[in-house]
Each structure stands twice: as structure tokens, then as C-alpha cells.
1. Given the pairs LYS434/LYS502; LYS291/LYS454; LYS414/LYS454; LYS379/LYS472; LYS186/LYS247, which span a C-alpha to C-alpha distance of over 32 angstrom in this model?
2. Report ³J(HN,Hα) in whole Hz for each residue of segment 146-159, in order, from the Karplus equation J = 6.51 cos²θ - 1.76 cosθ + 1.60 where θ = phi - 60°; Gly and Pro get x.
3. For segment 373-422, would you read off the P(r) tail past 16 Å as a percentage of all alpha carbon pairs?
4. Calculate the tail of P(r) for segment 316-453: the fraction of all Cα-Cα distances greater than 27 Å, expressed in %.
5. Nearest 0.05, what FRET efficiency do ALA206 and THR342 give at R0 = 22 Å with Cβ-Cβ as r?
6. If R₀ is 56 angstrom, what is the calculated FRET efficiency for the pair LYS247 and ASP422, using the beta carbon separation as r and rounding to 0.05?
7. For segment 373-470, which whole-number percentage of the solvent-accessible area (1.4 Å probe, protein heavy atoms only) is attributable to carbon and sulfur atoms?
8. I'd like the carbon and sulfur percentage of the solvent accessible area for segment 268-349, probe radius 1.4 Å, heavy atoms only, ligands and nucleic acids excluded.
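The values are calculated or read from the model by the stated rules, or taken from the named source; none is laboratory data. All values reported here derive from a predicted model rather than from experimental measurement. Note that we place each Cβ from the backbone using ideal geometry, even for glycine, and neighbour counts take in every protein chain shown. Quick note on the areas: whole protein, heavy atoms, side chains included, nothing else; ligands and nucleic acids left out. Shrake-Rupley method; radii C 1.70, N 1.55, O 1.52, S 1.80 Å.
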Amino acid sequence: SNQAEAMGPYPDGDEISLLGGGASVSDWGLELILRWIRDADTKSDRIAGLDAAIEAFDHNDEAEHDRELQSEITDVLCSVIVFALSEVSATGWTVREDAQEEQAEQAEKEEESQGNESKAGLAEEELAKALSVIEMVHRCSMNRLQQSFDTMGVELLPLLLEAIELSLPMIHHNHVAFDAVANAIKIVQYFSSLINGHASMGGHRAYMPTLLSVLAVHVDVVSPEDEVYDLIVDVLNILSTHPRKNKLARVYGLLETVYQICLNENNNDMVREACAYFLMTMLEANDNRVKMLQDDHAEPLLQFLVQALLDTRINIEQVNWTRCSAAKASHMLCIPEVNSATLSSYDDGAFVEALVRMVLEGSESFSAACGLCYLVGHKESTRVWLTRPSLLDTLAKTALTNPNATLAAEAVSKLLPIASYDLFRRIVLLLTLKSDFCLSTAISGILERANANKATRNVMAEDECILMILTKAMIMDDSLHVKAQATKAIHLLSIDVASREKLLEDYDIISALTKVIEQANLGGSSKQSIFHEASADATCTICNLVIDEGSNNDIYSALKKPTKKHRKFCLCRWRKKACMKLGIIKEVC
């Protein structure tokens, strides 16, 4: 504090040099920096204070940034930005090319040495550096960021949007203007990551138009290395986190601008990756999957997706992620049945072919496989084209590698009605190895096929794997819907007389049916209706399986709880007879 008093309200040039050498904020005082910026007599002094703040705050220590934000730093800098914006809006930005900039800086130094402060460009520098300091201190923890936004967000956002609006036309002519825009966008990006970020900022009428104006500068970019693309990537990432994608799709000109950026030959891998990710997040909204493929949107969207799917430069990380996002976006587009005609016919099958190539090559192939499963199920022409046993088998196996088991099961379920019995059987077995939802899909597929015709039921009744799956599902206690469907399927298989003896051979089936009946809880409330339904099917099945006196005794023995001593001898009639012939047991229990 004694040092601060000796320096006065802010340090002079000699004292500034003493504070250098990478000293931390705690070494020479956060309060001192605030006084330096707040109480400066000239713009040059204030800029020197901002430079000191930039040097002090340019780190990634969240705890330190949390401490910095507890001070009045944001209030002080907002005042600086307000005055700087008023001057810049009145005089306009100074147009400087690189050579002109060096000359201008030299002239400013000469004027300052003569005691005259050059006002040209100083307000701009104040604005850019104040925004830079605000961006730095907001590299804080999420809790502190939320507090800062709740406290200062309403005041700060209009300043950020105005700074972007004033500076954006000059970003190709003045690096200070570019820095101002870049830092303002980063601050908006920090705030957009908060739960109430987009909702609060979206209430400002200039919020979305300002972000859209940043995307529109792509028309002036002539080189993939242009740093302006960094601004576009940041804005696309902001929009990707918007919680209301349906509303975003209705923003006039947004999708058209994004498609232009996607297909711009001068863009780079980072821009393509950001575009693909944005489109994928847009298609996560159910309504957008149909809306974005209507009118004039289909052609540029599909053109970009096909280009991305066919881009095999997977050794470059950015391109690989672009392909991943494009595959997931394609999967989402394939889900609505109304899209199938457009997708299948696009460019003589180019879209379908791109997905098939991805499946065969194996890069992010589970998303492509899921999309193709939907197209095969929805569109007969695609089904004819792709109904090759080996390809459908590959599609099912690949789709089921999707980490999201629900998406995988929903996609593969489209293959079950059209698959041959051998393929159907393989898919069902694969489904039972996954989560409960996949098992539910498998049981639903079995039930649907069992309803088809008598011949299919006879084949399924002879299939030990199908019977094992149904028996396992009937004794599950954690999924009542699956239990009820499995019992219904067994009931269907028991209708045909030819199938009954085969079912009777498996004591586990009788035991499972008995358990279902015991769980009926007939005196319970209507909430137990699913138990009642399963119990009714189980009862009907058991009645079907009583085909003679022997089976009647077998079932009666199962329904009667066996004693522990003789439990192991409660075998089916044929097993008992075999055991008696071998002398293992002496009489039928």
C-alpha cells in the first residue's frame, strides 16, 4: 500500500518498468491496476494501465480469475468501453494497412513526445484492450462465470454487440478492430455456455442479427489461412449450443449463410468441422429433420454432407471430426420416412452410395449404418438396391456398434421385418447382447414375425435360440413390457399343434410360464394390468400345452411347487422317460 501511495493514482513510465518482469497481480496489486485504469488523466495512461492488466491477467488459473472478478474490474472496464464506443461511433474506425499502421504509430509517438496526445486510434485501442481484459478475467470457474453473467450480463451484452457491429467492417483493414471483434465474440461464447445464457442474451433484439453478420463476412475471405475464419468458427460453436434449434431454423438467412460457408472453396478444415457439427446439432431437433430437407435447403445440405462423407483424409483430425458429424447428421436425416425419397434419389444415389462406402471403410460407420437401416426400411427402391444378405448383415452388425444403444436398436428394428429368417435370427441374437432397450426391440421383432403366418411360427418353435430368448425375457423382473411381449409370443407359438410337443420338451418354458402366472396379483390395482395381460397369455399357453394325460401331469407338477428334495426331478415327460430307461430315476415324479 505504501508503494501504491508513492505512485499516486497510477504509475508513471519509470514505475511501470519496475512493475514488469512477469509480476503477478498479487505482487503489485489488483487494486492498483483498477486505480491506474479508472483514474488515468490521458488515454495513453489508461492504455498503459490496460496493457498492465493484459500482462497480469493473461493466464488460465481459474481460481485467480475468480478472485479478479470479485473486484470492480468489470464495472471499471464497462465504463471505459462506453466512452470508447461513443468516440468510435462518432469518428469511425481509422483505416490502416500494415505499412500505414507503422507510420501512424511513429507519428503518434512523435506527437506524444511533443506533449500532444494523438486522439486518432486511441479510443479504438482502449476499446479493444478493455474487451481483451474482460475476456481474460472470464476464463474463470463456471460458478463465478454464472455470477458475473447474472450481475453484469444485462449491462455488458449491449456493449459487446455494439463493439462487434462497429468493428466488424474494419477487420480486414485494422488489426485492432479484429481484436475487438474476436474478444467480444469470445465473451459471448463464455456466456452462451451457461444454462440461461442463450435465453437471456436472445432477448436482446440485436443478438442474433449480430452473430449472423459475423457469419456473413465469409464472402470477403479469399484464403483458407485468413484469421477471420476463427471468428466464424466461434460463432458457429455459439449457435451449436443454442437450446432451441427449432427457433434457430426460423432465423431468416441463417441456414443459407451456413450452407454458403460450407461450400466455399476457400474455407479450411476447422470451418468445415464447425459447420458439420452445427448442422448435426440442428438435426437433433425432430422437426428440423423434415424442415431442413424441404424447399431450397435440400440441395446445398446434401451436397455438403456427401462431400464430407467422401472425404477420406482421416489422418487429419479436423477432417475426421467433420466426417463423424456429417455421418451423424445423415443418420438424423434418414429417420423421418418422408425424407427417404429425396435422400435415395439425390444425385442418382450419391447420398446412399456415400453412406455405403463409409460402412465398408469403417470410419464412424455405425452412424452411416443406422441411416441406411432406416432407408432400407422406408424405401422399397433402396431396399432392392441394398438387399444383399452380406451387406444387410454388415449393416446390422455395424449399426449395433453405436455407443447409443437406443439409436442402434431403433435403426436395426427397420431391418427385422424384411430380413430373411437366418439374418433375422442373427440380428435378434445380437440385440440380446446389448441393453434392455435392445432386448425389447428383439422381443418386439419376434412377436411381429410370429404374428405373420403359421409356417414362420413352426420354424420359430423349433428354434432353440428363439425359445431361449423368450424364456429369458419372461422371467425378467425389471422390464414388465418385455415380459408381457415375450409371453404373448410364446402363446402364439403354442397355437399350432405341431409346435406344442417341441415347447413341452423345454421345462424352462413351463417354469417361466408358471412364474408369470404367480406374479399376476389378481387382487391388485389396475396399475398391475400388464401383469394381468402376461398372466392371461401364460394361462392360455399352458392350456394349449395340455395335449394328453402325460403333459397334463407335467404341467400340474410345475404349477404345484415341488419340494426341495425332488425339485431336480421335475423334468418334462420325454426327459423322464429317457432317465427311466437309463436307470437314473426309478419312477416318474
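1. The answer is LYS291/LYS454; LYS379/LYS472.
2. Per residue, the Karplus-derived 3J(HN,Hα) values read 5, 5, 5, 5, 5, 7, 10, x, 4, 7, 7, 4, x, 5 Hz.
3. Within segment 373-422, distances greater than 16 Å cover 32 percent of Cα pairs.
4. Beyond 27 Å sits 15 percent of the P(r) for segment 316-453.
5. Calculated transfer efficiency: 0.05.
6. 0.70
7. Working: 2260 of 4190 Å².
The C+S portion of the solvent-accessible surface of segment 373-470 is 54 percent.
8. Numbers: 1590 of 3480 Å².
Here it works out to 46 percent.
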